[in-house]
Amino acid sequence: MVKKGVKVNLRIALGQFNAVVGDVWGNAEALGAFVERAADAGCDMVVFPEMCICGYPPEDLLLKKHFLIDNQKAVETLAGGCGDITVVAGFAEWHDEMAYNSLGVMRNGRLEAVYRKCVLPNYGVFDEKRYFHAGGEPLIIEVKGVSVALTICEDIWQLDWLAKFLEGDKRKDLIVNISASPFHLGKIGERQEILSRCAKHFGCAVGYCNLVGGQDELVFDGRSMFVDASGQVTCRAKAFDEDLLVVDVDALQEGTVTVKTVSAAVEHPCADAGDGASEVYEALVLGTRDYVRKNGFEKVLIGLSGGIDSSLTAAIAVAALGAENVVGVTMPSRFNLAETRTDAQRTAENLGMSFHTAPIEDALGSFHETLKLFEGWDNKGVAYENLQARIRGTILMSLSNQFSYLVLTTGNKSETAVGYSTLYGDTAGGFAVIKDVPKTMVYELAEHVNRAAGSEVIPVSVINRPPSAELRDDQKDSDSLPDYDLLDTILKGYIEEDKSPAELTASGLDAKTVKRIARLVDLNEYKRRQSPPGVRITPKAFGKDRRMPITNHYR
């Protein structure tokens, strides 16, 4: 506790870090470099995110005892290089034959103390009660006369619990929270509200250090921050990028502390970051880059149709990986309009990516002749339409196999929800970039791309053309689906808000349409289960968030 009348100065850094799940030694080495940077900046203390030694979430790696032991060894290795700077970092701990989500305090070359996370989230994408035991003891350390209470992620979200947990302990000058809080649209506002309430309740500053980077479906957006005792954000680190945020904690005569950004450091604005479209776009870029790179791929392959979904996917891929690492292939049949073929090429040229044309008409004819051997086959129905998508999927996956390119699928959340896709056709691929992006937001993102570039990267004709799968003459999405504004409203209520069809109808939506869409969502779980992962940008995405049975008669 800071004594009245005593002037102290504590320089502390928040090191938001892009960890690679499972790479405990590589992560420890990278954290060591951050420690050196913090020491060079004159810091007395540097804080790193939750589970940064092993990455988050490590899932069933946590069931391997040797993985947990390696975590412990990596922490001890990191501690050995800390010198006299105090280092706080998260790791998976094996203690008394149990696994914990822990925080290590390292200084003077050793692991000095450990705090074990007490509140284990078990909702949404979190599954911590499957792996961890809960801790039960608070940890408050002193650094240069400043009393610092240490917490991990969910601990601080349960304010009533935290207040009771810390009552009776000595005064807290600063609360530090290390976190692995994944992004979804609107999450930054939720975090700031939580941190503000905590700071005001305890009457002290709060330092919050969040993970950054992509891990399978999840994206961690960083934006570590300090909040002062009044609940105001005083400074915030970068969004969607690694950063080292350095501040000074000053003691005042009355025994309280203030937090201010170090003048020598880069000061990042405290205002909310960008509009929704720019936030989502950055999340998609980071999620795509990290999935591709962390899984050992150099180049990606996209079926570029001339439609808005594939055009947006290509723009994101180019931003993530560079134009030289993105390959586009258009695969026209007689049902594709000349305008869409032209727009596919224009989009590729605007983005600077390579572009190839592989017509499928001859292959379609050959498949049709073979399938005619089976009585009842014809070229009039949905099976013939889907055959075209499957031929395209085969071409893309064959090129992927030959050249080691990762295929990016281009389906959006609206289509994925109702099964408006072809299994082993347009669902074929390794990563679904816009899988969690509703169709209405696809248009917002396309306009954002052009606005940010100050030019027509995605041709306006692509944005304005009525969407179509172009698998038959004069086909439009609206032949099979409601207008996307209505569809996305129903899907948000049914999927993200778990509302029943009756509740949606009571809100003023057409009962027949609601019932039909809900039925399509339920019936197409089997397709989603066989589709590639994609970046999560909404509060409830298909995959980790929403795990429904395939065989399911509940309506």
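Here, each number is a calculation from the coordinates, and none is a lab measurement. Treat the numbers as computed from the prediction; the structure is a model and nothing was measured. Because the Cβ atoms are built from the backbone with ideal geometry, glycine has one as well, and the counts that use them run over all protein chains shown.
Odds and ends about this structure:
- Cross-link pairs beyond the 22 Å C-alpha cut-off, checked among Lys200/Lys238; Lys129/Lys200; Lys238/Lys299; Lys413/Lys476; Lys129/Lys238: Lys200/Lys238; Lys129/Lys200; Lys238/Lys299; Lys129/Lys238
- Selected from Leu396, Ala363, Ile141, residue furthest toward positive end of dipole (the chain; charges at beta carbon): Ile141
- 12 Å beta-carbon shell around Leu312, net charge (K/R +1, D/E -1): -2
- Linear extension gain, Glu497 paired with Asp510, 0.36 nm per residue minus alpha-carbon span: 2.9 nm
- Gain on full stretching of the segment that runs from Arg197 to Met98 - 0.36 nm per residue minus C-alpha separation: 32.3 nm
- Difference of contour (0.36 nm per residue) and Cα-Cα distance, Trp161 to Glu29: 44.0 nm
- For Thr505, Thr410, order by how many other beta-carbon atoms lie within 10 Å, fewest first: Thr505, Thr410
- In this label model, Ala41 and Asn464 are separated by 4.9 nm, measuring between points 7 Å along each Cα→Cβ vector.
- Neighbours of Arg110 by Cβ distance under 15 Å: Lys/Arg scored +1, Asp/Glu scored -1, total -1.
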